[in-house]
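Following: one structure in structure tokens, then a few remarks.
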């Protein structure tokens, strides 16, 4: 799952990035409102953690502009303000939730899970392609012969493939969406995870395969009888 973190306090931002990556999130960190808006306009995220008090453009303005574009991207607002009016203003501007600084790590992670889960529940909770199903709530990949609970990045890759059947997804696209801009992972990590998924599909006797197109990417294809 890929998140955008917009927080101008560098020390706090670095700490949050470390925590989120340790909990299997991919994170892009930005430090002002204009940069946050630019990232949101050009990239795809599963959620945003947005500080209100930022230079160049405050978080509420970023949020309003995001909602004016029709985006329903889950947004968690971080604020040092604890007054009720400030919280109400954040929610009225389109935030899904808010968290007042200082906060506990466990609460931050719980609120991120809650807001992204609500977004997932709006869409299909189970994806299907051929005789294979993927449960978004449990990360379970299933077919007639059995099932596997996928690891976080395996699930994200399989979700991308199953929501875009027969469509080529480039290696760079997987890297950007799942590992993020700042990842130190080598690009061949995509092939490694594709290999994991292929073995699991074969083990459950799936009638879909992950096809590689040289120089273009990967696609999920249903096998012909």
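Nothing in this text is a laboratory measurement; each read-out follows from the coordinates by a stated rule. Bear in mind the structure is a predicted one, so any value in this text is a computation, not a measurement. As a convention, Cβ positions derive from the backbone with ideal geometry for all residues, glycine included, and neighbour counts pool all protein chains shown.
Taking every DSSP helix (H) stretch of at least 4 residues in the chain, weighting each as -39,500 (n - 2.57) and dividing the sum by the residue count yields a mean residue ellipticity at 222 nm of -12500 deg cm²/dmol. Counting beta carbons within 10 Å around each of 39, 98 and listing the fewest first gives the order 39, 98. Computed from Cα atoms, the angle from the helix 152-163 axis to the main principal axis of the chain rounds to 70 degrees.
If neighbour count is taken as other Cβ atoms inside 10 Å, put 169, 178 in order from fewest to most. Please list the in-between numbers first.
On the way: 169 19, 178 23.
Taking fewest neighbouring Cβ atoms as first place, the list is 169, 178.
Along the Cα-to-Cβ line of residue 15, 7 Å from the Cα, sits a label point; which residues in the stretch 41-69 have backbone N less than 19 Å from it? Correct set: 49-54.
When Cα Rg over 2.2 N^0.38 Å is computed from the coordinates, the matching label among (1) 0.96; (2) 1.10; (3) 1.33 is (2).
Rounded to the nearest 0.05, what FRET efficiency is calculated for residue 109 and residue 223 with R0 set to 30 Å and r the Cβ-Cβ distance? It comes out at approximately 0.15. How far, in degrees from 0 to 90, does helix 10-22 lean away from the longest principal axis of the Cα atoms of the chain, to the nearest 10? Once rounded, the angle reads 30 degrees.
Given R0 = 30 Å, the distance between the Cβ atoms of residue 188 and residue 44 translates into a calculated FRET efficiency of 0.85.
Helix 33-42 axis versus longest C-alpha principal axis of the chain: approximately 20°, rounded to the nearest ten.
Extension gain, residue 128-residue 168: 0.36 nm per intervening residue step, less the Cα-Cα distance, totals 12.6 nm.
When only Cα pairs below 8 angstrom with a gap of at least 6 residues are kept, the chain shows a relative contact order of 16 percent. Beta bridges assigned by DSSP with both partners in the chain are antiparallel in approximately 50 percent of cases. By the count of neighbouring beta-carbon atoms within 10 Å, fewest first, 209, 62, 17 end up ordered 209, 17, 62. Its relative contact order, with pairs defined as Cα atoms under 8 Å and 6+ residues apart, puts the stretch 126-222 at 33 percent.
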